[in-house]
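Please treat every number below as a calculation from the coordinates, not as lab data. Being a predicted model, the structure only gives us computed values, none of them experimental. Quick reminder, even Gly has a Cβ in these numbers, built from the backbone with ideal geometry, and neighbours come from all protein chains shown.
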Amino acid sequence: MLNVFAENPASEAVPLHAVLPKALERFLSGLPQAEAQWLRAVHFAAKEGELALVPGANGVAAAVLGLGAG
């Protein structure tokens with residue numbers, strides 16, 4: 001693996017989740033409660049190109065990208 005973006009990618013990596021609208025509720029149910037609540041609070045709907053950054057204790061915990069209807 002190339003270390004292009006971070007010196008220690010395992011500890012600094014931010015997960016990027018790509019989600020279809022039809023799979024959104026299942027995706028949210030698998031997240032930690034605080035992350036799922038945040039995505040609901042910002043009305044994330046997994047629309048095509050929609051991007052939500054989920055806050056965490058040390059900055060951004062995750063990024064979620066909407067894929068639209070597919």
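Worth a mention:
- Residues whose placed amide H lies under 5 Å from that of Gly56, excluding near-sequence neighbours: Ala61
- D_trans [Stokes-Einstein, Kirkwood Rh over alpha-carbon pairs] for segment 24-68, 10 °C, 1.306 mPa s, µm² s⁻¹: 150
- Modelled FRET efficiency - R0 25 Å, Arg40 with Glu12, Cβ distances, 0.05 increments: 0.40
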